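Chemist: Got a structure for you, questions after.
The values are calculated or read from the model by the stated rules, or taken from the named source; none is laboratory data. None of these values were measured; they are calculated from a predicted model. Quick reminder, even Gly has a Cβ in these numbers, built from the backbone with ideal geometry, and neighbours come from all protein chains shown.
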């Protein structure tokens, strides 16, 4: 563990680590960019083309996203290990047989499932009452909103488990991750949310500029490239934040499991 910095210092750390990690892992980042660009469009478009069933669309989208998790696992492992251990990767290594890869991929897949569970609830409601989907009252909206809040809270408390698994921490378990996060919950929330605000504003600003050529080939290509860029920056930022947060609050995670 290292002394807890101020939130402002942690904010500067996040952007510095983001730039440094992308610069040192640029080969892997380029491959991850291609995966995110194509995969995110596939997750949006493919389910709508393959089925009209809302529940089927949600299931297909989840399957595509879990596939993306598998492809991106080597990149995120490399980012965590670079920030925490200084390892500079030279190539995009797939090692599905290693326990580290399997644990990290499983954690990513569970997180994606939790993030998409509220959408699945909404799709289930639409499939159950297709004629009233657009006119239904907000009676079902409340469970969906609550599911989103619960999913975010769970993922927030498991965030430090990602770097712990990446560096083979002796106490890497979900119980220890939750215990460490709860000990400094509001600090963890602040340093997790604040760095993404400028990224989100930048993404919205550029998307509005791309509207001048709706439906054109140049607009589609520019939108695809920008989507991949934002997703790469956002996911890498989340990885470096999780790594530094693990350094600050990772107490139980570094204690051998009994």
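Chemist: Mind checking which residues of segment 153-183 are surrounded by fewer than 16 Cβ atoms within 10 Å (Cβ to Cβ) and farther than 30 Å from residue 94 by Cβ?
Modeler: Hits for segment 153-183 are 153, 182, 183.
Chemist: So for segment 193-202 (the condition being at positive phi and at pLDDT 85 or above), does at least one residue qualify?
Modeler: no
Chemist: Right, here's the next one. Taking segment 134-181, which residues are outside any helix (DSSP H, G or I) and modelled with pLDDT under 80?
Modeler: Listed by number, the residues that qualify are 134, 135, 136, 137, 138, 139, 140.
Chemist: Any idea which of 94, 76, 82 is within 14 Å of the chain's Cα centre (by Cα) and closer than 20 Å to residue 165 by Cβ?
Modeler: Residue meeting the stated conditions: 76.
Chemist: I want to confirm something. Restricting to segment 32-82 and keeping residues that are at pLDDT below 90 and buried (at least 19 other Cβ atoms within 10 Å of the Cβ), which single residue is nearest to residue 104 (Cα to Cα)?
Modeler: That would be 58.
Chemist: Go through segment 4-19 and report how many residues are surrounded by fewer than 17 Cβ atoms within 10 Å (Cβ to Cβ) and either touching a residue at least 60 places away in the same chain (Cβ under 8 Å) or touching a helix residue (DSSP H, G or I) at 6+ places or on another chain (Cβ under 8 Å) (or both).
Modeler: So the answer is 4.
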